[in-house]
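These notes concern the structure reproduced below.
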Amino acid sequence: MAKKLLTLLFFLGSFLLHSQNLIWNTDLSDAFIMSDAQKKPLLIFFTAANAGQKIQNEVFSTPDFAVWSRDNVVLLKLDLSDTSLTDADKEKNVMMKNALGVEELPQVCLVMITIRKNKPTINKLGVLGYKVGGAKKWIADSSAILHPSSE
């Protein structure tokens, strides 16, 4: 009996560890296509090497966020300090940051993407930063932006 319980705990623990591994898109164009195809809003996480880590540590690394994001959004991480990007990609990322009015880092923008005739239309839904209260509070605030009529 104890052996079965330990085996079950091992598999559950492994599952929970793997379920927290988020898949962040890093290419703007790919994320736009995915968001449009899945009919899900795009969560754009603007960050840089010198940006605070609280939102990543207290929100994005939690199982609650992993489940919520999988069901509700397409994830896009734009690291504005990423030296491996081409100049063209860096420029696209900065243009997106400016177009959405992001002034502080880290910052999250929720947008809806529609692609017609190979041209994306971006509808800004809202902006969020780090807020004290952990993942559940952050998810509630994000859900209120995504579903304003359900408040």
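Derivation of every value follows stated rules applied to the coordinates shown; laboratory data play no part. Keep in mind that this is a model prediction, so the values were computed, not measured. When we count neighbours, we look across all protein chains shown, and the Cβ atoms used for this are built from the backbone with ideal geometry, even at glycine.
Structure data summary
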quantity: Global geometry of region 76-151, whether rounded, prolate or oblate, following the gyration tensor of its Cα atoms and the 1.5 cut on a/c; calculated: oblate
quantity: Mean separation of Cα contacts under 8 Å (6+ apart) over length of region 15-147, as relative contact order %; calculated: 31
quantity: Of the DSSP H helices in the chain, those whose Cα atoms cover at least 20 Å axially and whose Kyte score averages -1.0 or more; calculated: 2-19
quantity: Equivalent ellipsoid semi-axes, the chain, via Cα gyration tensor eigenvalues times 5, rooted, Å; calculated: 30, 18, 17
quantity: Global form of region 36-107, assessed from the alpha-carbon gyration tensor, a/c cut-off 1.5; calculated: oblate
quantity: Spacing of the two label points (7 Å from each Cα toward its C-beta) at Lys137 and Leu22, in nm; calculated: 1.8
